[in-house]
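*Asks:* Input: one structure, supplied below.
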Amino acid sequence: MTDHSLKGAKRALRLALLTVSDTRTTATDKSGAWLAAAAEEEGHVVAAREICADDRYALRAVVSAWIAAPDIQVILTTGGTGLRPRDVTPEAIRPLLDQTIEGFAELFRTASLAEIGSSALQSRAMAGMANQTLICCLPGSTGACATAWNSILKEQLDSGNRPCNFVEVLGD
């Protein structure tokens, strides 16, 4: 088996975290807190963190501002990717993307299958690029955020990961 990671100096990325919820507050946002801690543990900087209601236009406003910000390289959203009527994160974000990363959703659901069985098919997690900024929309549960981070994002946000990584396509 080939080891695809190349250990060495990592490039610290500047991330923005958006929790999409009508009910969470800074004190109760466990998923956002988990993602922030995981990113910082890997040497990344959480440059912005907000909570936004499940409203497609409010979501677009926050994410659009971050896409335009030259110091944000990665945007992670958590919440609003399920099948309930208020779950509008994919619909809000998709029009903002220059490119979609279809494999992200496929890989996330594959990793989730081992943990939650066929319920994985209800996830509408997605990812794409806009203005050289990576945008990943994750489910709202802390477990799902951990799955996405540990199965995909930790490696792909590591500039030493080989044969390729997301860092190579991000803006400075």
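*Asks:* Got at least one residue in the range 120-130 being at pLDDT below 95, farther than 26 Å from A37 by Cβ and in contact with a helix residue (DSSP H, G or I) (Cβ under 8 Å, 6 or more places away or on another chain)?
*Replies:* Yes, there is a match, as at least one residue in the range 120-130 is at pLDDT below 95, farther than 26 Å from A37 by Cβ and in contact with a helix residue (DSSP H, G or I) (Cβ under 8 Å, 6 or more places away or on another chain).
Matching residues to (1) of a type in the set (A, V, I, L, M); (2) out of contact with any strand residue (DSSP E or B) (no Cβ under 9 Å at 6 or more places or on another chain); (3) more than 25 Å from L170 (Cβ to Cβ); (4) at pLDDT 95 or above:
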site: V46; (1), (2), (3), (4): yes, no, no, yes
site: A58; (1), (2), (3), (4): yes, no, yes, yes
site: A61; (1), (2), (3), (4): yes, no, no, yes
site: S64; (1), (2), (3), (4): no, no, no, yes
site: I67; (1), (2), (3), (4): yes, no, no, yes
site: G80; (1), (2), (3), (4): no, no, no, no
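*Asks:* For the range 117-155, how many residues are in a helix (DSSP H, G or I) and surrounded by 18 or more Cβ atoms within 10 Å (Cβ to Cβ)?
*Replies:* Keep residues of the range 117-155 that are in a helix (DSSP H, G or I), which gives 117-122, 142-155.
Still in the list and also surrounded by 18 or more Cβ atoms within 10 Å (Cβ to Cβ): 120, 144-145, 147-149, 152-153.
Selection size over the range 117-155: 8.
*Asks:* Give the number of residues within the range 85-119 that are under 18 Å from A146 (Cα atoms), among the β-branched types (V, I, T) and modelled with pLDDT of 90 or more.
*Replies:* Summing the residues that are under 18 Å from A146 (Cα atoms), among the β-branched types (V, I, T) and modelled with pLDDT of 90 or more in the range 85-119 gives 1.
*Asks:* Then there is this: For the range 121-136, what are the residues that are farther than 13 Å from R109 by Cβ and of a type outside the set (G, A, S)? Even if it seems obvious, please write down each step before you answer.
*Replies:* From the range 121-136, those farther than 13 Å from R109 by Cβ are 128-136; that's our starting set.
Hits for the range 121-136 are M129, N131, Q132, T133, L134, I135, C136.
*Asks:* When the range 133-144 is examined, which residues are found to be at pLDDT below 95 and over 19 Å from A53 (Cβ atoms)?
*Replies:* Answer for the range 133-144, where residues must be at pLDDT below 95 and over 19 Å from A53 (Cβ atoms): T142, G143, A144.
*Asks:* Now a separate question. Within the range 70-105, track down each residue that is touching a residue at least 40 places away in the same chain (Cβ under 8 Å), of a type in the set (A, V, I, L, M, F, W, C) and surrounded by 13 or more Cβ atoms within 10 Å (Cβ to Cβ).
*Replies:* The answer is I72, V74, I75, L76, I93, F104.
*Asks:* Which of the residues belonging to the range 156-172 are among the charged types (D, E, K, R) and surrounded by 15 or more Cβ atoms within 10 Å (Cβ to Cβ)?
*Replies:* Looking only at the range 156-172, we keep the residues that are among the charged types (D, E, K, R), and these are 158, 162, 168, 172.
D158, the sole residue that qualifies.
*Asks:* So, R56, is that one surrounded by 15 or more Cβ atoms within 10 Å (Cβ to Cβ) and either touching a Pro at 6+ places or on another chain (Cβ under 6 Å) or closer than 19 Å to Q156 by Cα (or both) or not?
*Replies:* No, not satisfied.
*Asks:* Also, I was wondering about something else. Within the group L35, L113, L17, which residue is outside any helix (DSSP H, G or I) and of a type in the set (A, V, I, L, M)?
*Replies:* Sole residue among the options that is outside any helix (DSSP H, G or I) and of a type in the set (A, V, I, L, M): L17.
*Asks:* Which ones in the range 157-171 are over 11 Å from the mean Cα position of the chain (by Cα) and either in contact (Cβ under 8 Å) with a residue 12 or more places away in the chain or assigned to a helix (DSSP H, G or I) (or both)?
*Replies:* D158, S159, G160, N161, R162, P163, F166, V167, E168, V169, L170, G171
The values are calculated or read from the model by the stated rules, or taken from the named source; none is laboratory data. All figures in this text were calculated on a predicted structure; none of them were measured in a lab. Glycine also receives a Cβ, built like all others from the backbone with ideal geometry; neighbour counts cover every protein chain displayed.
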